[in-house]
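Worksheet: the structure to be examined is printed underneath.
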Amino acid sequence: MNRVKRLARRGLGTVRRVVRGAVRHAYTRWRRSIQVRVVTSTLFISAIVVAILGLFLMQQITTALMDGKIKAARLQLDEGLGAVQRDLGNPSEDAAGRLEGVVNGLKARSGPSGLYEVYIRDVREPSFDGFATNELREQSVPQRLRDELGKGPAGARNYTFGKLSYIGRASEPGLIVGGKAGQFELYYLFPLTEEQRTLTFVGRSLVGVGAVLVLLLAAIASLVTRQVVIPVRLAAQGAQRLAAGRLEERMRVRGEDDLARLARSFNEMAANLQEKIGELEDLSQVQRQFVSDVSHELRTPLTTIRIAADMLYEYRDTFSDPAVGRSAELLQSQLERFESLLADLLEISRHDAGAATLDAESLDMRDLVLRAVGDIQNLAERKGSKVVFQLPGEPCMAEVDRRRVERILRNLLVNAVEHGEGEDIVVSVAADRDAVAVAVRDHGVGLKAGEGQMVFDRFWRADPARARTTGGTGLGLSISREDAQLHGGWLQAWGEPGAGSQFRLSLPRVAGAELRGSPLPLVPPGAGTPRPLFAELEAGE
């Protein structure tokens with residue numbers, strides 16, 4: 001028994017899942033398809049209209065059929081009342097015999113109104129009453145109709161609908177008409193079986209015709225909407241292909257109607273878009289080439305200036321004028337920054353041109369972090385900041401480009417020192433099965449809301465009035481993001497005003513693998529409001 005119950009529950013669960021899946025699929029089709037919505041709406045509205053029209057027609061047919069039946073029944077009643085009045089109107093001793101003769105004369109089972117039964121009653125002599133046949137029961141004539149005729153004047157006539165109760169077989173609906181002729185009451189009882197069959201047939205015919213009509217209307221709506229939806233779908237597919245970079249995509253133009261004008265407009269838009277994008281690509285190519293050429297061409301005069309500046313810097317203490325020595329020092333520092341800027345411009349131009357390549361090798365991220373911190377240790381000491389490590393005890397191996405990852409880490413550390421206000425810099429490293437991550441946390445001025453889309457922009461500053469004290473070029477974070485994306489990784493930022501900021505570098509362990517998560521949280525623990533101000537910047541986004 002328990003096994004049967006378990007099987008029953010399992011079967012019910014399967015049925016529920018199938019029903020839910022079908023409902024979900026239908027709702028999805030409803031939301032995504034204009035054609036499905038139009039056809040469904042047409043089905044629903046046309047079904048309501050056809051139902052209303054069918055009910056109206058059925059009511060009219062029923063009324064007309066019953067009115068004809070009542071009219072014929074009254075004619076039959078008038079004929080019978082005339083016979084009763086003629087044969088039984090004058091009292092005589094042989095009244096019973098004449099009554100029997102009249103009843104026998106009315107025993108005919110058909111007439112202009114169809115099949116019928118007869119019931120005749122003498123009001124003064126209750127013994128003179130009965131049906132022309134012995135098939136009907138006396139209660140087939142409703143007492144209400146008898147009372148109405150009994151209270152009515154001579155010649156009164158009336159009718160009603162009721163049940164004809166037979167002896168030995170089932171009752172059936174019928175029409176009962178009655179009238180008075182002197183002391184006699186005459187009733188005709190007409191079965192409505194044939195009329196009921198006729199109405200049933202008409203009703204079924206109306207239902208069948210209505211269903212076919214609704215389906216035809218739905219098919220017509222489907223064909224009409226298909227003529228409109230297909231060009232719209234083609235336009236949507238063309239737009240998707242345009243968005244995917246297939247600028248040569250065009251729609252086929254047929255005819256001169258509105259849809260043809262839509263296709264021509266789409267083709268004109270695509271052609272203009274292709275032309276403008278081509279112009280922008282050419283302009284971008286020219287700009288990248290210009291930056292690259294200028295960067296290369298500046299190296300030759302810069303080398304000469306560097307030789308002269310080095311000589312002046314070496315003999316700066318021998319100048320009699322202290323201002324000249326100070327100028328030599330400024331020249332030396334600005335030349336170093338100029339060289340860094342040229343190197344960064346060359347690197348940016350390689351990324352823009354898609355010429356940047358990845359020289360990946362399996363390395364321990366902890367070693368790269370220690371090397372990067374060693375490079376900026378003197379700068380941190382000058383700013384009064386202390387670097388605190390949070391490194392795991394096990395190696396964090398990953399396939400990375402040593403030069404690019406070290407550059408990312410140096411940029412993040414220099415940025416943390418510059419904006420850390422002399423507070424401690426926390427560097428964390430973690431790894432899981434698929435990824436490694438490095439987080440650089442400072443406790444300085446932090447980042448404001450709304451700066452998330454600009455923090456990695458080229459030459460962007462959180463505070464334009466704030467001078468660069470570490471000689472940065474303004475391209476460090478931009479290059480770092482490009483390097484992270486080249487690895488297939490993420491470079492993300494979090495910050496709050498007055499609570500500092502944290503930058504997190506997440507890289508896949510295997511070069512080229514898809515990165516699905518990071519082993520370190522973007523928001524540092526206990527950082528106040530756990531809300532990232534900056535959207536995640538992933539590879540390819």
Failed item, numbered, when Ser295 is tested on (1) modelled with pLDDT of 75 or more; (2) surrounded by 15 or more Cβ atoms within 10 Å (Cβ to Cβ) = (1)
ask   = Is it fair to say Leu206 is within 30 Å of Gln76 (Cα to Cα) and in contact (Cβ under 8 Å) with a residue 60 or more places away in the chain?
value = no
key: Subset of region 236-273 (residues that are at pLDDT below 80 and farther than 25 Å from Ile34 by Cα)   = Gly245, Arg246, Leu247, Glu248
request  = Within region 302-326, track down each residue that is assigned to a helix (DSSP H, G or I), open to solvent by 60 Å² or more (accessible area, probe 1.4 Å) and either within 15 Å of Ser340 (Cα to Cα) or among the hydrophobic types (A, V, I, L, M, F, W, C) (or both).
outcome  = Thr303, Ile305, Ile307, Met311, Leu312, Val324
request  = Considering (1) modelled with pLDDT of 85 or more; (2) open to solvent by 70 Å² or more (accessible area, probe 1.4 Å), say which one Thr200 fails and leave the rest.
outcome  = (2)
task = Can you work out which of the residues in region 386-409 that are hydrophobic (A, V, I, L, M, F, W, C) and open to solvent by 60 Å² or more (accessible area, probe 1.4 Å) is nearest to Gly512 (Cα to Cα)?
result = Met397
message = Against the condition in contact with a helix residue (DSSP H, G or I) (Cβ under 8 Å, 6 or more places away or on another chain) and either under 22 Å from Arg516 (Cβ atoms) or modelled with pLDDT of 90 or more (or both), how does Val427 come out, does it pass?
response = yes
key: region 248-266, residues that are part of a helix (DSSP H, G or I) and either touching a residue at least 60 places away in the same chain (Cβ under 8 Å) or not small (Gly, Ala, Ser) (or both)   = Asp258, Leu259, Arg261, Leu262, Arg264, Phe266
task = Would you check if there is a residue in region 338-359 being open to solvent by 80 Å² or more (accessible area, probe 1.4 Å) and modelled with pLDDT of 75 or more?
result = yes
query = Checking Lys383 against (1) surrounded by 16 or more Cβ atoms within 10 Å (Cβ to Cβ); (2) closer than 26 Å to Ala511 by Cβ, which test does it fail?
reply = (2)
inquiry  = If I filter region 522-535 for residues that are modelled with pLDDT of 85 or more and either within 32 Å of the chain's Cα centre (by Cα) or farther than 24 Å from Val445 by Cα (or both), do I get at least one hit?
reply    = yes
message = Restricting to region 216-241, give me the number of residues that are over 30 Å from Met251 (Cβ atoms) and touching a residue at least 12 places away in the same chain (Cβ under 8 Å).
response = 1
message = Residues that are within 31 Å of the chain's Cα centre (by Cα), open to solvent by less than 90 Å² (accessible area, probe 1.4 Å) and without any contact (Cβ under 8 Å) to a residue 24 or more places away in the chain: does region 267-283 have at least one?
response = yes
query = Applying the selection to region 384-409, what residues are touching a residue at least 60 places away in the same chain (Cβ under 8 Å) and not small (Gly, Ala, Ser)?
reply = Met397, Glu399, Val400, Asp401, Arg404, Val405, Arg407, Ile408, Leu409
inquiry  = Looking at region 62-78 only, could you name the residues that are under 22 Å from Leu149 (Cα atoms) and in contact (Cβ under 8 Å) with a residue 12 or more places away in the chain?
reply    = Met66, Lys69, Ile70, Ala72, Ala73, Arg74, Leu75, Gln76, Leu77, Asp78
remark   = Within region 143-195, of all residues that are in a helix (DSSP H, G or I) and touching a residue at least 24 places away in the same chain (Cβ under 8 Å), the one most open to solvent (accessible area, probe 1.4 Å) is Glu194
inquiry  = Criterion first (at negative phi and touching a helix residue (DSSP H, G or I) at 6+ places or on another chain (Cβ under 9 Å)) does Thr28 satisfy it?
reply    = no
key: Condition check for Ala218: assigned to a helix (DSSP H, G or I), open to solvent by less than 90 Å² (accessible area, probe 1.4 Å), modelled with pLDDT of 80 or more and more than 19 Å from Gln35 (Cβ to Cβ)   = no
inquiry  = Between Leu330, Leu302, which is farther than 30 Å from Ala236 by Cβ, modelled with pLDDT under 75 and not polar (S, T, N, Q)?
reply    = Leu302
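The values are calculated or read from the model by the stated rules, or taken from the named source; none is laboratory data. Predicted model only: the values in this text are computed from it and were never measured. Cβ: placed from backbone, ideal geometry, glycine included. Neighbour counts: every protein chain shown. Only protein heavy atoms, including side chains, enter the accessible area calculation; ligands, DNA and RNA are left aside. Shrake-Rupley method; radii C 1.70, N 1.55, O 1.52, S 1.80 Å.
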